[in-house]
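The values are calculated or read from the model by the stated rules, or taken from the named source; none is laboratory data. Predicted model, so just to flag it, every value in this text is computed and none were measured. Neighbour counts are summed over all protein chains in view; Cβ atoms, including those assigned to glycine, are modelled from backbone coordinates with ideal geometry. Note: areas computed on protein heavy atoms with side chains; ligands, DNA, RNA excluded. Shrake-Rupley method; radii C 1.70, N 1.55, O 1.52, S 1.80 Å.
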Amino acid sequence: MTTGASTPSSAARPPRSRLRTFLPLGIAAWLVLEIWLLTVVAGASSGLTVFLLLLAGFVLGAVVIKRAGRRAFQNLSQAVQQGTAPASGGGSGLMMLGGLLLMIPGLISDAAGLLLLIPPVQQALGRYAERTVERKLRKAAPGTLGDAFQQARIHRPDGKVVQGEVIRDEPGGDTPQGPRPPLTH
């Protein structure tokens, strides 16, 4: 479906970021490495051993995700009952990521998932992520997504929420207007 907008020429496009350039290559390399490692382990032992390793990783990952989700829900409900903010640094997010990596078939992802289950690693990664987010929010220019996150973090002391709706005061009332301009992105 076309919107009638002209397609920008390749000269007008901004350059691709490093992440958009190298992320697909990194994922492809990771998949090839995972498959190669699984065939090496299957050749050294047996296919049944590899299957049991993958099954054990899946089950362990599901248990870890369930436990981390339960812990996060308990922290949230306790904070709501006490009227305070939920405690950050519980590591539930990193535990869930570790469980997800355990559930993904592959030995490298299993090793990374097990590494994320170690509390000192969780604490170090949590501090690093917090510093990175804070630094990105400080550098955010007005009107960007980072600015929106910064605005969302502002807490009103009275906690009031004003609900309403937007009503356009346009001349002509309810008469239909001409065709709308195409959406641009």
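Would you call A42 more than 18 Å from G113 (Cβ to Cβ), in contact with a helix residue (DSSP H, G or I) (Cβ under 7 Å, 6 or more places away or on another chain) and either surrounded by 14 or more Cβ atoms within 10 Å (Cβ to Cβ) or not β-branched (V, I, T) (or both)? Yes, satisfied. Annotation note: of L115, L102, the sole residue that is open to solvent by 40 Å² or more (accessible area, probe 1.4 Å), closer than 23 Å to I27 by Cβ and modelled with pLDDT of 90 or more is L115. Of the residues making up segment 49-63, those that are in contact (Cβ under 8 Å) with a residue 40 or more places away in the chain and open to solvent by 60 Å² or more (accessible area, probe 1.4 Å) are L53, F58, L60.
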